[in-house]
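Notes for the one structure printed next.
The values are calculated or read from the model by the stated rules, or taken from the named source; none is laboratory data. The structure displayed is predicted, hence computed values, not measured ones. Here the Cβ positions follow ideal geometry from the backbone for every residue, glycine too, while neighbour counts run over all protein chains shown.
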Amino acid sequence: MKTNAIVTMPPYAPFIDEVLSHPIVSGIRLNTVMPIKEPLEDKLKEINEKVMKKEKDFWIDLKGRQLRVKTYGVPPFTEIELTHKISVNTPIIIYFSDGKESATLLEVDGNKLIMQEGPKRVVGPGEAVNIPDKSLRIEGYLTDTDKKYIESSVNLGINKYMLSFVESNK
């Protein structure tokens, strides 16, 4: 039985060629949470050329309905903006840092969380927020960033995607 691995890579990994050369690596998954400084299509083209040269697969990871912090929390971190509009019965305890930290959510205003108290540190863009409650409803599916990645990748002929948080209650 042959083992294959798809390795998650940041967009500016200096070791991408080394990873792609490893015999068990069948492809890479681009972590799309990290910012891209140049035009997105240019960066995707650069990575795709390296991947194609090694005859491997290039996967674009789309975040979908995963709840992430959109902007830095407002000090003292009692307002946190998310990537999606949500609704949930409040007050409720929500979690950060894979459940290691919690805070009390008092109210939701679209995609803004109004907190009683925030985590005891800066909450930054891309950080996951966990709200384990049956009343949670998330508006929309793909993020604006997901849509930009799809448009750019289609223009380059890249058509492999990994999707995070695909679900439905219907």
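Of everything in region 47-65, what is modelled with pLDDT under 95 and part of a strand (DSSP E or B)? Give them in sequence order. Matches in region 47-65: D61, L62. Could we say that M9 is in contact with a strand residue (DSSP E or B) (Cβ under 7 Å, 6 or more places away or on another chain), modelled with pLDDT of 90 or more and at negative phi here? Yes.
Considering only residues that are under 17 Å from the mean Cα position of the chain (by Cα) and part of a loop (DSSP other than H, G, I, E, B), look in region 139-157 and name the one that is modelled with the highest pLDDT. That would be E139. Pull out all pairs, ordered by first then second residue, where Cβ-Cβ is under 7 Å, the residues are six or more apart or on different chains, the first lies in region 93-105 and is in contact (Cβ under 8 Å) with a residue 60 or more places away in the chain, and the second is not in a helix (DSSP H, G or I) and not hydroxyl-bearing (S, T, Y). If the second residue must be not in a helix (DSSP H, G or I) and not hydroxyl-bearing (S, T, Y), no pairs are left. Looking at the structure I just gave you, is F58 under 19 Å from the mean Cα position of the chain (by Cα), in the same structural domain as L40 (by TED's automatic domain parsing) and either surrounded by 18 or more Cβ atoms within 10 Å (Cβ to Cβ) or polar (S, T, N, Q) (or both)? Yes: the conditions hold for F58. Regarding region 42-55, can at least one residue be identified that is under 20 Å from the mean Cα position of the chain (by Cα), surrounded by fewer than 16 Cβ atoms within 10 Å (Cβ to Cβ) and either under 19 Å from T143 (Cα atoms) or of a type in the set (D, E, K, R) (or both)? No: zero hits. Within region 66-85, identify whether any single residue is at pLDDT 90 or above, farther than 26 Å from L163 by Cβ and not assigned by TED's automatic domain parsing to the domain that holds M34, and answer yes or no. No, every residue in region 66-85 fails to be at pLDDT 90 or above, farther than 26 Å from L163 by Cβ and not assigned by TED's automatic domain parsing to the domain that holds M34.
Among the residues making up region 94-146, those that are farther than 28 Å from Y161 by Cβ and charged (D, E, K, R) are K100, E101, E107, D109, K112, E117, K120, R121, D133, K134.
Within region 45-61, residues that are free of Cβ contacts under 8 Å to residues at least 40 places away in the same chain have Cβ atoms under 6 Å from residues that are part of a strand (DSSP E or B) in these pairs: V51/F58; K56/G27, counting only partners at least 6 apart in sequence or on another chain. Does region 15-29 include one or more residues that are of a type in the set (S, T, N, Q), within 28 Å of G110 (Cα to Cα) and free of Cβ contacts under 8 Å to residues at least 60 places away in the same chain? Within region 15-29, not a single residue is of a type in the set (S, T, N, Q), within 28 Å of G110 (Cα to Cα) and free of Cβ contacts under 8 Å to residues at least 60 places away in the same chain.
Scanning region 1-41 for residues that are surrounded by 12 or more Cβ atoms within 10 Å (Cβ to Cβ), in a loop (DSSP other than H, G, I, E, B) and either among the β-branched types (V, I, T) or not assigned by TED's automatic domain parsing to the domain that holds K53 (or both) turns up T32, V33, I36. Note on region 85-130: among residues that are in a strand (DSSP E or B) and within 16 Å of the chain's Cα centre (by Cα), the one that is farthest from R65 (Cα to Cα) is F96.
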